[in-house]
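Chemist: One structure, as structure tokens, below. Some questions next.
Where a number appears in this text, it was derived from the coordinates with a stated rule and is not lab data. Just so it is clear, the structure is predicted and the values come from calculations on it, not from any experiment. Glycine also receives a Cβ, built like all others from the backbone with ideal geometry; neighbour counts cover every protein chain displayed.
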Amino acid sequence: MDYITSLARAYEREQSHAAKDAIAQILINSRMCAEGHRPICQDTGIVNAFVKVGMDVRFEPAPGEQPKDLQQMVDEGVRRAYLDPDNKLRASIQADPAGKRTNTKDNTPAVVNVELVRGNTVDLTVAAKAEARRPRASSPCSTRRILSSSGC
């Protein structure tokens, strides 16, 4: 809390509009995080799944489900996690990144790294790697948009 208090004091004393804007964004983001609305870092980036699959493993679909390949299984887990209302992570993956750049809304597809190992087990490690964003000056987001929760 000392950090937030000090940052609020710095905001009050700051003369530069650009610096005040940057401090305001940090304060707003910190408040939203404290209230449970979103993480301190909104860019949850690309989900990376590291899967060690035993050579004796056979994946069987649940009753009534269609068979899925490993990519589809990982993407389904990512989809469920990002669409869970208790999950505060913002999906940031773009469909057709070279074209319309439409957000997939569920952070799929994930990047799946597979290592084939001996045995009959599956070991899964998941990490979200933040992506580098455009410089603030060229970003369409503003403090007002962050405050209004319109999503960037």
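Chemist: In a shell of Cβ-Cβ distance under 10 Å around F50, excluding F50 itself, what net charge do Lys and Arg (+1) and Asp and Glu (-1) give?
Modeler: Details: positive: K52; negative: E115, D123.
So the environment of F50 carries a net charge of -1.
Chemist: Same structure again: Along the Cα→Cβ direction, 7 angstrom out, place labels at R13 and D84. What is the inter-label distance in nm?
Modeler: 4.3 nm
Chemist: So, one more: Stretch Q25-K100 to full length: gain in nm at 0.36 nm per residue minus the Cα-Cα span?
Modeler: Here the segment from Q25 to K100 would lengthen by 24.3 nm.
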